[in-house]
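Taking it in order: structure first as structure tokens, then the write-up.
The values are calculated or read from the model by the stated rules, or taken from the named source; none is laboratory data. In this text the structure is predicted, and so the values were computed from the model without any measurement. Neighbour counts are summed over all protein chains in view; Cβ atoms, including those assigned to glycine, are modelled from backbone coordinates with ideal geometry. In case anyone asks, the SASA skips ligands and DNA or RNA and just uses the protein heavy atoms, side chains included. Shrake-Rupley method; radii C 1.70, N 1.55, O 1.52, S 1.80 Å.
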Amino acid sequence: MSENPQINLSLSPYDKLLEVLGWLALLTTWIFSIYQYFFLPDEIPIHFSLNGDPDNFGSKGFILSLPVIASILFLGLTTLNNYPHLFNYPYEITKENAEVQYTLATRLIRMLKISIVVIFLILAVKVRASVDGFTLLGPFLMPVILGLIFIPIVYFLVKMLKSQ
């Protein structure tokens, strides 16, 4: 196995914006979840069917697990993003293509960080909406979640392959 070249990437204004948006989304998820905790009943929906209907219930403390899990994933991906030379690429990384490929790969991770946090925020809002008797996204919940994950992956993989 050949080792990918290690280079220092500088963040573009776009990359900095993505980082700020990710941190703001994470902060919003925490604030929303903590605030809602005090106004939720003791039992809340903790799982939803494919139609978006609640099908399992649990303690209201569940709402606080959403930002915790989002934070763990966010911080893990933030740490991972410091080592783009360790990522798995579909082709050889050379000194000539490393900067472009690493930039695209780290941008993908930044987009995924935002997507993951937004997914957990959507779930927290869905819990609140369900408690209030509203249907949020209904059967579109799963397609929205899958889109938030797979659209950035496909977009950046295509960009990476085209710029090879």
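Table for the structure above
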read-out	value
Whichever residue in the stretch 10-55 is in contact with a Phe, Trp or Tyr (Cβ under 9 Å, 6 or more places away or on another chain) and open to solvent by 60 Å² or more (accessible area, probe 1.4 Å) and, among such residues, is nearest to THR78 (Cα to Cα)	TRP23
Lone qualifier among ILE34, ILE44 - being part of a strand (DSSP E or B) and of a type in the set (A, V, I, L, M, F, W, C)	ILE44
Boolean, ASN82 is among the polar types (S, T, N, Q) and under 30 Å from LEU137 (Cβ atoms)	no
Neighbours by Cβ (under 9 Å, 6+ apart or cross-chain): first from the stretch 70-92, without any contact (Cβ under 8 Å) to a residue 60 or more places away in the chain; second surrounded by fewer than 12 Cβ atoms within 10 Å (Cβ to Cβ) and part of a helix (DSSP H, G or I)	LEU80/LEU86
Residue list for the stretch 96-139, filter: within 17 Å of the chain's Cα centre (by Cα), over 24 Å from ASN82 (Cα atoms) and free of Cβ contacts under 8 Å to residues at least 40 places away in the same chain	ILE122
